[in-house]
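Beneath this line is the structure, given in structure tokens, with notes to follow.
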Amino acid sequence: MSEVPAQLYQAKRITVIARGADVLVREYLLGAGEFVPWHHHTQVTDHYYCLEGTVLIETRAPAARRELHPGESATVTPPTAHHVSNTSGSPCRFLLIQGVGLYDFVKEE
């Protein structure tokens, strides 16, 4: 499983919590206006768990928009295109658990 370089994201901080052959757990801290660009995964499912602030998760096909607040979670299954952002004026922090499968990051327009 390869790690996505932090420079692909506009993120204040990305911390690897755990990494295995087919699972990756990271903690994200997004500042105001920061985001993870539109992308999808071939195999891994993204499990988001909000720790602080508000995390906005948007998907295509099916089109959806979901705001997560502390203690709330959401799942995005492959190959659904998705975008994650902080649209608030304060930082947001969330866990991203990815697996089970080989990790990839396929950028979308």
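Odds and ends about this structure:
- Verdict on T75 being surrounded by fewer than 15 Cβ atoms within 10 Å (Cβ to Cβ), under 13 Å from the mean Cα position of the chain (by Cα) and assigned to a strand (DSSP E or B): yes
- For region 17-57, the set of residues classified as over 13 Å from G101 (Cβ atoms), of a type in the set (D, E) and in a loop (DSSP other than H, G, I, E, B) consists of E34 only.
- Filtered residues of region 45-70 (kept if surrounded by 20 or more Cβ atoms within 10 Å (Cβ to Cβ) and either within 10 Å of the chain's Cα centre (by Cα) or free of Cβ contacts under 8 Å to residues at least 40 places away in the same chain (or both)): D46, Y48, V55, I57, L68
- Criterion violated by Q7 - all others in (1) at pLDDT 95 or above; (2) under 19 Å from F105 (Cα atoms); (3) of a type in the set (S, T, N, Q) satisfied: (1)
- Filtered residues of region 34-70 (kept if among the aromatic types (F, W, Y) and either within 10 Å of V84 (Cβ to Cβ) or at pLDDT below 95 (or both)): F35, W38, Y48
- The residue of region 80-109 that is modelled with the lowest pLDDT, among those that are exposed (fewer than 14 other Cβ atoms within 10 Å of the Cβ) and closer than 14 Å to W38 by Cβ, is E109.
- Of the candidates T54, T87, T75, the single residue that is more than 18 Å from R19 (Cβ to Cβ) and touching a Gly at 6+ places or on another chain (Cβ under 8 Å) is T87.
- Answer from T42, T77 - the residue that is touching a residue at least 40 places away in the same chain (Cβ under 8 Å) and over 20 Å from R13 (Cβ atoms): T42
- Condition broken by S88, with the remaining ones in (1) more than 19 Å from R13 (Cα to Cα); (2) over 12 Å from the mean Cα position of the chain (by Cα) satisfied: (1)
The values are calculated or read from the model by the stated rules, or taken from the named source; none is laboratory data. The shown structure was predicted, so the numbers you read here are calculated from the model rather than taken from an experiment. Positions of Cβ are generated from backbone atoms using ideal geometry, with glycine treated the same way; all protein chains shown enter the neighbour counts.
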